[in-house]
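Okay, structure first, notes after.
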Amino acid sequence: MITATDLRKSYGSTPALQGLSLTVTPGTICGLIGPDGAGKTTAMRIVCGLLRPDQGQARVLGLDPVADGPAVKPRLGYMPQRFSLYPDLTVAENLAFFADLYGVTRRARGQREAELLAFSRLDSFRDRRAGRLSGGMKQKLALSCTLIHTPEVLVLDEPTTGVDPVSRREFWRILAQLAGRGLSLLVSTPYMDEADRCDQIILMHAGRALTAGPPAAVSAAFPHQILEVSGPGTGAAWARLRSQPPAGIEVHRFGDRLHLIYAGTGHPDRVRELLTGTEVTMQPVPAGVEDVFVDLLQAQP
């Protein structure tokens, strides 16, 4: 449904994409995972036909999104990073506006609006102005407006950025349901923990794909062992390990936990000695996507 081959794009002398390739098949979610400046938005704008690549090509439903724009746009839904709806219009009025914009017939509009309001759980807020919605509700309204013309392909640029954790989970539940209906979704996010909600991921940095594949396969390829340190003494453990770094062991902080990555000369017994007296527990854990990303980033020249 979406393919991109060797996409390259620069803004002046600054490269934004340096050879990105991807494929999104029907009924799947492909996640572009990476920090700001990784090239995610540029890739999405090329896929939507809003930018021309300097090199490479993108195809949506087998069509060129620029040359065949009039044929692609009715079948494509694009949700940009910034909330772009009209804050002075109500939920229902925003849906009606986008229905007009996409040429949805009057006959189909009422049923479609009712379905989307129920699907997004916004039916009880249909008369509330968009500007008075919470962040999570705004994103669900933006998604509903993106879906009003029943697209086959969705491109969503960081749809959960700035949204509270509960709303993030609810939003991903909706995306999973859309994929279950056969839609193809290309989604970007800076949140590594959202990678597991995708069928395929591409870890991006500085316009390049560091690695790609199903999240479980990406994590399974991690070449080192990991000890996780957790508990009320994690802060003290972090300070002690930073002041006395154990040889051959890398220490990374992940929120309220520490990950100790070791291989070769590193030995966890030295860490246990250093942390004697701190209120922490240590246990081996499998690698997560964030561990993989940090490791790959450190390997970059």
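Data overview
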| read-out | value |
| --- | --- |
| Taking the convex hull of Cα positions in region 141-263, its mean projected area over all directions (nm²) | 10.1 |
| For Ile201, residues with placed amide H under 5 Å, excluding near neighbours | Gly31, Gly213 |
| Sorted peptide list for 177-183, 55-61, criterion being average Cβ within 10 angstrom, highest first | 55-61, 177-183 |
| Size of electric dipole in region 2-214: Cβ of Lys, Arg +1 and of Asp, Glu -1, about Cα centre, debye, nearest 20 | 340 |
| Under Karplus coefficients 6.51, -1.76 and 1.60, residue-wise ³J(HN,Hα) of region 91-108 in Hz, glycine/proline x | 4, 5, 5, 5, 4, 5, 4, 6, 5, 4, 4, 8, x, 6, 5, 4, 5, 7 |
| Tilt relative to the chain, helix 234-243 - C-alpha long axis, 0 to 90 degrees, to 10 | 60 |
| Separation of alpha-carbon centers, region 5-47 and region 102-135, rounded to whole Å | 31 |
| Considering only the chain, percent of DSSP beta bridges that pair antiparallel, nearest 5 | 65 |
| Pairwise centroid distance, computed over Cα atoms, of region 54-78 with region 210-260, Å | 42 |
| Per-selection metrics, region 135-208 (Cα): Rg and Dmax in Å | 12.3, 34 |
| The chain: angle of helix 289-298 to the longest principal axis, Cα-based, in degrees nearest 10 | 70 |
| Spin-label model distance (nm) - Glu93 vs Thr25, 7 Å beyond Cα toward Cβ | 4.6 |
| Relative contact order computed over region 154-269 (Cα-Cα under 8 Å; 6+ residues apart), in percent | 18 |
| Normalised contact order of region 222-298, rounded percent, pairs of Cα under 8 Å and 6 or more residues apart | 45 |
| Cα-based equivalent ellipsoid of the chain: semi-axis lengths in Å, sorted from largest, via gyration tensor | 41, 24, 15 |
| Which of Leu203, Ala67, Ser243, positive extreme of dipole for the chain (C-beta unit charges) | Ala67 |
| Contact order relative to length of the chain, as percent, for alpha carbon pairs under 8 angstrom and 6 or more apart | 21 |
| Per-residue ³J(HN,Hα) for region 201-213, Karplus 6.51 cos²θ - 1.76 cosθ + 1.60, θ = phi - 60°, Hz, x for Gly and Pro | 10, 10, 7, 10, 8, 6, x, 10, 8, 6, 6, 8, x |
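All of the numbers you see were taken from the coordinates with simple rules; none came from a lab. Model, not experiment: these values are computed from the prediction. Glycine gets a Cβ as well: all are built from the backbone with ideal geometry, and neighbour counts include every protein chain shown.
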